[in-house]
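Trainee: Sending over a structure as structure tokens; questions will come in a sec.
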Amino acid sequence: MDASSLLQNGIDKHQCGDLHGAKHDYEEILKVDPNHVDALHLLGVVASQSGEFVQAEEYISRAISINDLVPVFYINLGIALKNQNKFSEAADIYAKALLLDNNDPGLHFNLANLKLTMREFDEAIICFENAIKIHPQFVQAYTGLAKCYENLKNYIAAEKCYEKTIKLDPECYGNNIETLAGLAEVNIKTQQYKKAANYFLKVLNIDSENKSANYGYAFALHSLGLLEQANAQYEKASLFNGDNAGFLNHWAIAQREIGDYNSAISTIEKGLKINPNSPELYDNYGCALYGLKKHSEAIEKFDCAIVFDPNKAKFYSNLAATYADIGEFEKAEELFNKAIGLDKKNPVAYIGFCALYRDMRNPSAFREFMNLAFRESALNSEQKIELLVNDAILYWVENNIHDCSRRINEAEELLKNIKLGEATNNFRIYCKYLKLLIENINSTHIEEIIKNKIIVIGDSHSLSPANQLVDIKGCSYKVESKLVFGCKSWHLSNDNSNRYKASFELAVDSLKEENVVLFTFGEIDCRVFSGIIPFYKKNKVDLPLYIKKMVCDYIDYVLAKTKISKNNILFQGVPFPKENSAANEDDYDLLKLVIKEYNFALLEKARDEGVGFIDVYSLTNNDRFSINDIQKDYHIDSCHLNPGYLKEILVSSKIA
């Protein structure tokens with residue numbers, strides 16, 4: 001058989017996948033003609049297809065040495081070189097091929113893929129675009145372009161390229177896992193989580209066990225705030241990603257966010273077995289322990305995170321928040337400073353710093369960091385609202401009505417575009433409360449300096465009488481508020497150090513002997529969804545006994561820390577509840593019982609200690625009136641009293 005027949009015979013076998021037979025025929029040709037250029041080239045192709053790339057390089061190089069004007073020789077040599085990781089040499093070969101045929105889109109495409117492998121993304125983009133100019137329907141070139149843009153973090157351009165592949169070939173690429181997954185990933189990067197979730201779901205409809213899609217779908221649901229669905233998907237995804245420490249970390253975050261701290265810790269510990277040096281896992285561990293109020297253990301875990309990565313700002317922020325929570329304000333201040341030094345745009349550090357200075361009773365420092373936060377940090381709307389409302393409260397305490405109103409208006413503008421939620425609802429309540437206080441300013445609201453002071457230290461109830469003028473036994477007193485944000489009497493009664501005690505102690509340390517001081521803690525303890533009632537429902541304690549012990553411990557703590565005469569100390573009770581304070585009759589009856597027991601315990605302990613008791617319970621108890629009696633409403637909203645209540649109580653001698 002002559003060389004021409006052998007060549008055709010070999011090509012036929014080659015096309016049928018008979019590489020061994022084709023190789024035999026090509027070798028037979030070379031026995032007759034060692035320089036047969038086509039036989040050399042095709043032997044190189046067979047070698048390449050058989051994974052013998054060194055031999056492929058040798059055969060094809062010999063073919064080119066005989067005839068260096070055939071572009072396909074260069075293409076196949078480039079493939080052999082690329083598979084040996086000889087990327088630079090392969091690129092040179094493709095460039096030579098393009099000199100021979102610059103209008104072959106496949107050549108541009110091959111060079112582009114090589115540049116993509118070499119991570120020379122800008123050059124790869126040029127080559128992919130050259131291929132598309134020649135062949136505008138070149139779908140694979142758009143896929144390559146998308147990968148280049150993705151690597152360059154130009155996610156919007158990457159998304160457009162992936163979408164183009166589907167538009168050009170919807171039947172194939174609309175159901176292509178690589179394309180759908182690519183779209184999902186770039187949507188994650190651009191925080192288009194709803195679109196990402198949809199694309200991941202399409203991948204899972206094609207391949208329900210796809211590892212990355214199961215993980216990605218859970219993460220997208222998590223990022224959308226669909227925590228129950230996300231946790232269910234994380235659990236499903238754990239079948240395929242249980243050996244991935246990063247996956248386990250994200251799952252633990254989702255578990256924490258639904259309050260399942262113990263499950264989060266279990267998941268984190270699995271992650272640490274896989275990667276015992278992961279700073280993110282240790283940070284997450286600290287956050288879970290913080291959620292369980294295990295502050296000492298949390299500090300240990302945050303310290304571990306910092307050991308493994310001492311340059312991550314959020315680790316210092318979380319550690320600082322933990323120290324702040326146990327009342328170690330100076331240590332917290334040091335750590336927040338460290339966090340901002342590492343990341344001047346860290347919103348968590350700025351928010352933490354502002355809360356710290358608020359509780360340290362340093363409004364000027366609060367405003368300094370608030371202004372920095374607005375200027376330097378990428379605060380979200382909820383964080384801005386938090387700072388604005390806190391500043392409004394501070395301005396009210398300072399008797400700066402103009403700036404208080406200004407901050408309320410700024411907060412309410414942002415609240416218009418925020419969905420209702422527990423945190424934002426508290427801000428709405430505070431804005432309404434402050435506006436009502438401003439509307440109820442009367443002639444007893446004073447601005448001049450008066451020597452005699454009634455210092456009201458307490459929760460938000462301390463704001464109502466602020467800057468009022470009241471008389472006690474013929475002497476005029478100006479009322480000043482020292483708010484301990486969010487503080488319950490329980491916070492002061494228990495044995496643990498906390499930020500509320502630290503803030504409280506700063507407040508009482510500034511008292512002067514001649515001051516009259518009124519403590520207004522307790523109402524937050526007596527709400528349907530906070531304090532005594534949830535604890536009672538869960539633990540079925542002896543309610544009067546539990547309340548009495550808490551109240552006694554609260555008063556004992558306050559008296560131990562307050563270094564002025566008992567003759568000048570007053571404790572205010574809890575007002576009778578409004579009917580809208582509970583969702584149903586049973587809860588309302590329980591609420592009335594709790595408030596009654598609380599006031600009784602407070603009155604009894606105050607008498608035993610020889611201190612005064614402000615009886616707002618009797619003042620506001622409409623149950624004691626008949627239906628025909630004229631009832632005065634002392635409430636300004638559902639739980640707070642109007643600014644004039646204290647003056648009226650003192651005038652009517654409701655001090656026990």
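Trainee: Filter segment 212-233 down to the residues that are out of contact with any Leu (no Cβ under 9 Å at 6 or more places or on another chain), open to solvent by less than 60 Å² (accessible area, probe 1.4 Å) and free of Cβ contacts under 8 Å to residues at least 24 places away in the same chain and list them by number.
Mentor: Gly225 - this is the single residue of segment 212-233 that is out of contact with any Leu (no Cβ under 9 Å at 6 or more places or on another chain), open to solvent by less than 60 Å² (accessible area, probe 1.4 Å) and free of Cβ contacts under 8 Å to residues at least 24 places away in the same chain.
Per-residue answers, yes or no, for (1) among the hydroxyl-bearing types (Ser, Thr, Tyr); (2) part of a helix (DSSP H, G or I); (3) out of contact with any Gly (no Cβ under 9 Å at 6 or more places or on another chain); (4) within 21 Å of Ile79 (Cα to Cα):
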position: Leu114; (1), (2), (3), (4): no, yes, no, yes
position: Gln137; (1), (2), (3), (4): no, no, yes, no
position: Gly144; (1), (2), (3), (4): no, yes, yes, yes
position: Cys148; (1), (2), (3), (4): no, yes, yes, yes
position: Lys153; (1), (2), (3), (4): no, no, yes, no
position: Ile156; (1), (2), (3), (4): no, yes, yes, no
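Trainee: For Tyr477, are the conditions met, namely being in a helix (DSSP H, G or I) and either open to solvent by less than 70 Å² (accessible area, probe 1.4 Å) or modelled with pLDDT of 90 or more (or both)?
Mentor: It is false that Tyr477 is in a helix (DSSP H, G or I) and either open to solvent by less than 70 Å² (accessible area, probe 1.4 Å) or modelled with pLDDT of 90 or more (or both).
Trainee: Which of the residues belonging to segment 563-574 are more than 37 Å from the chain's Cα centre (by Cα) and closer than 22 Å to His635 by Cβ?
Mentor: Leu570, Phe571, Gln572, Gly573
Trainee: Return the residues of segment 347-372 that are within 17 Å of the chain's Cα centre (by Cα) and among the aliphatic types (A, V, I, L, M); say none if nothing qualifies.
Mentor: First, the residues of segment 347-372 that are within 17 Å of the chain's Cα centre (by Cα): 347-352.
Val348, Ala349, Ile351, listed by residue number.
Trainee: If you don't mind, there's one more thing I want to ask. Determine if segment 456-463 includes at least one residue that is more than 34 Å from the chain's Cα centre (by Cα) and at pLDDT 95 or above.
Mentor: Scanning segment 456-463 turns up at least one residue that is more than 34 Å from the chain's Cα centre (by Cα) and at pLDDT 95 or above.
Trainee: I need the full set of residues from segment 197-211 which are closer than 19 Å to Cys161 by Cβ and either open to solvent by 70 Å² or more (accessible area, probe 1.4 Å) or in contact with an Asp or Glu (Cβ under 8 Å, 6 or more places away or on another chain) (or both), in order please.
Mentor: Selection gives Asn198, Lys202.
Trainee: Here's another thing I want to ask about it. Which helices (runs of 4 or more DSSP H) sit wholly inside segment 1-104 and have at least 1 residues that are farther than 30 Å from His135 by Cα?
Mentor: Those helices (runs of 4 or more DSSP H) span 3-15, 19-32, 37-49, 53-66.
Trainee: Only residues that are modelled with pLDDT of 95 or more and either within 15 Å of Pro363 (Cβ to Cβ) or buried (at least 19 other Cβ atoms within 10 Å of the Cβ) (or both): list them for segment 407-429, please.
Mentor: Hits for segment 407-429 are Arg407, Ile408, Ala411.
Trainee: Among (1) closer than 20 Å to Ile268 by Cα; (2) open to solvent by 40 Å² or more (accessible area, probe 1.4 Å), there is one condition Lys194 misses while meeting the rest; what is its number?
Mentor: (1)
Trainee: Which of the following residues is among the small types (Gly, Ala, Ser), crowded, with 18+ Cβ neighbours inside 10 Å and within 30 Å of Leu43 (Cα to Cα): Ala158, Ala131?
Mentor: Ala131
Trainee: State which residue is most open to solvent (accessible area, probe 1.4 Å) when the search covers only segment 500-534 and only residues that are assigned to a loop (DSSP other than H, G, I, E, B) and within 24 Å of Ser565 (Cβ to Cβ).
Mentor: Taking the candidates together, the pick is Lys512.
Trainee: Now for a separate question. Among the residues of segment 563-578, which ones are within 11 Å of Ala606 (Cα to Cα) and open to solvent by 40 Å² or more (accessible area, probe 1.4 Å)?
Mentor: Lys566
Trainee: Here's something else I'd like to know. Mind checking which pairs have a first residue in segment 116-127 that is outside any helix (DSSP H, G or I) and among the hydrophobic types (A, V, I, L, M, F, W, C) and a second that is at pLDDT below 90 and surrounded by 15 or more Cβ atoms within 10 Å (Cβ to Cβ), Cβ under 6 Å, 6 or more apart or different chains?
Mentor: Note: pairs meeting the criteria are Met118/Phe87.
Trainee: Within 20 Å of Lys482 (Cβ to Cβ), open to solvent by less than 20 Å² (accessible area, probe 1.4 Å) and part of a helix (DSSP H, G or I): is that true of Ile385 in this structure?
Mentor: no
Trainee: While we're here: Restricting to segment 296-333, count the residues that are part of a helix (DSSP H, G or I), open to solvent by less than 30 Å² (accessible area, probe 1.4 Å) and of a type outside the set (D, E, K, R).
Mentor: Residues that pass the stated criteria total 15.
Trainee: In addition: Could you grab me the full set of residues in segment 552-561 that are over 39 Å from the mean Cα position of the chain (by Cα) and either modelled with pLDDT under 95 or open to solvent by less than 10 Å² (accessible area, probe 1.4 Å) (or both)?
Mentor: none
Trainee: Here are the criteria: (1) under 27 Å from Asp12 (Cα atoms); (2) at pLDDT below 90; (3) of a type outside the set (A, V, I, L, M); (4) crowded, with 22+ Cβ neighbours inside 10 Å. Tell me which single one Tyr94 does not satisfy.
Mentor: Against the list (1) under 27 Å from Asp12 (Cα atoms); (2) at pLDDT below 90; (3) of a type outside the set (A, V, I, L, M); (4) crowded, with 22+ Cβ neighbours inside 10 Å, Tyr94 comes up short only on (1).
Trainee: Let me ask you something else. If you check Leu437 against the conditions, is it aliphatic (A, V, I, L, M) and open to solvent by less than 40 Å² (accessible area, probe 1.4 Å)?
Mentor: yes
Trainee: Please identify the pairs in which a residue from segment 505-530 that is closer than 30 Å to Lys596 by Cβ has its Cβ atom under 7 Å from the Cβ atom of a residue that is of a type in the set (Lys, Arg), counting only partners at least 6 apart or on another chain.
Mentor: Ala507/Arg361; Ala507/Lys482; Val508/Lys561; Phe521/Lys488; Ile524/Lys488; Asp525/Lys488
Trainee: In segment 535-551, which residues are open to solvent by 50 Å² or more (accessible area, probe 1.4 Å) and not in a helix (DSSP H, G or I)?
Mentor: Lys540, Asp542
The values are calculated or read from the model by the stated rules, or taken from the named source; none is laboratory data. As the structure is a computational prediction, the values presented were derived from the model and not from experiment. All Cβ positions, even for glycine, are placed from backbone atoms using ideal geometry, and neighbour counts span all protein chains on display. Ligands, DNA and RNA are excluded from the accessible area calculation, which covers all protein heavy atoms including side chains. Shrake-Rupley method; radii C 1.70, N 1.55, O 1.52, S 1.80 Å.
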